[in-house]
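Comments concern the structure below.
The values are calculated or read from the model by the stated rules, or taken from the named source; none is laboratory data. These numbers were taken from a predicted model, which means no experiment stands behind them. Note that each Cβ is placed from the backbone with ideal geometry, even for glycine, and that neighbours are counted across all protein chains shown. With ligands, DNA and RNA removed, areas are computed over all heavy atoms of the protein, side chains included. Shrake-Rupley method; radii C 1.70, N 1.55, O 1.52, S 1.80 Å.
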Amino acid sequence: MKQVAVCISGNGSNLQALIDAAASPDYPVNIAHVISNNPEAYGITRAKNAGISVSIVDHKAFSSRQAFDQELDNICQEHAIDIICLAGFMRLLSSWFVSKWHNKILNIHPSLLPAFKGINAIEQAFQAGVKQTGCTVHLVRPAMDEGPVLVQKTIDIEPGDTLEAVKEKMHAIEHTSYIQALEQVATGKYQAR
Ligand code: GRF
């Protein structure tokens, strides 16, 4: 059973999906801890409702990225974490942290990487007029939204779709993608360099 920390900044619907998956005895993961850099994140309530401990690490209280990442590292060690899942975590991690946790950090991004990196990826795809977009769960490397792909799923953008409709479709595929990707890493089925 792998011990997992989930890092969030907001709503935490992906966190909720992982919590729900981990409630099944067959799922090889225990969501051991949640870390939020945003004291207002709704995901904190989700974690508490599930009886999961939470650390609020407000990046504004840290003088440097390295100091913030050092605190994340300390917390993960205190909780004997094996795998870190970034789920709507709006902070870039330093190369030091990413190297230290090589192949043990997952991220989810709402586009078919390498297309539409960065923020507002759903809007970027919508405005570009592409007929398909999707989500990517990948292992984290120091460069933003880069790293070996674990799972990708696609959705169609139909002619009448509003941006809101596309966002709804996106969230539905994100949740199943993250559950599958984390299982691959937790069971060692995915061997990355
Ligand atoms: C998701 O769209 C994810 O792909 C992106 O941030 C969003 C987080 O949503 N990185 P939630 O907080 O899990 O609901």
**Report entry** Under the Karplus curve 6.51 cos²θ - 1.76 cosθ + 1.60, θ = phi - 60°, whole-Hz ³J(HN,Hα) for the range 158-169, x wherever Gly or Pro sits
**Finding:** 7, x, x, 5, 8, 4, 4, 5, 5, 4, 5, 4
Report summary line: Measure of exposure for Thr162: accessible area at 1.4 Å probe, Å² rounded to 10, is 80 Å²
Query raised in the report: Rounded to the nearest 0.05, what FRET efficiency is calculated for Met1 and Val130 with R0 set to 30 Å and r the Cβ-Cβ distance?
Result: 0.15
Report summary line: To the nearest 0.05, the calculated FRET efficiency linking Ala80 and Asn11 through their beta-carbon distance, R0 being 35 Å, is 0.80
**Report entry** For the range 91-108, 3J(HN,Hα) per residue [Karplus equation, 6.51 cos²θ - 1.76 cosθ + 1.60, θ = phi - 60°, Hz, x = Gly/Pro]
**Finding:** 10, 7, 9, 5, 4, 4, 5, 5, 5, 4, 10, 3, 6, 10, 10, 10, 9, 10
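Rounded to the nearest whole Å², what accessible area per residue is found for the range 89-193 with the 1.4 Å probe?
Values: 5340 Å² over 105 residues.
Result: 51 Å² of accessible area for each residue.
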Query - Helix-derived mean residue ellipticity, 222 nm - over the chain, DSSP H n ≥ 4, -39500 (n - 2.57), to 500 - result: -11000 deg cm²/dmol
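When N counts the residues of the chain, how does its alpha-carbon radius of gyration compare numerically with 2.2 N^0.38 Å, as a ratio? Kindly include the intermediate steps, with their values, before the conclusion.
Values: Rg = 16.1 Å, N = 193, 2.2 N^0.38 = 16.3 Å.
Ratio of Cα Rg to 2.2 N^0.38 Å: 0.99.
Give me the percent of accessible area attributable to carbon and sulfur for the range 1-86, probe 1.4 angstrom. Present the calculation step by step, with values, prior to reporting the outcome.
On the way: 1740 of 3800 Å².
It is 46 percent, rounded to a whole number.
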Report summary line: Expected unfolding gain across Gln66-Ser53 under the 0.36 nm per residue rule, minus the alpha-carbon gap, is 2.3 nm
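Percent relative contact order of the chain, based on C-alpha pairs within less than 8 angstrom and at least six residues apart? Before the final figure, lay out the partial values.
Values: 361 pairs, mean separation 39.7, N = 193.
Value for the chain: 21 percent.
Per residue, how large is the accessible surface of the range 1-43? Use a 1.4 angstrom probe and give square angstrom. Present the calculation step by step, with values, prior to reporting the outcome.
On the way: 1600 Å² over 43 residues.
For the range 1-43, the solvent-accessible area averages 37 Å² per residue.
Count the DSSP beta bridges whose two residues both fall in the chain, then state the antiparallel fraction as a percent rounded to the nearest 5.
Values: 11 of 29 bridges.
Counting DSSP beta bridges with both partners in the chain, the antiparallel share is about 40 percent.
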Query raised in the report: Under 5 Å between amide H atoms, partner at least 5 residues away or on a different chain: which partners does Cys85 have, H built in plane at 1.01 Å?
Result: Ala5, Val6, Cys7, Leu106
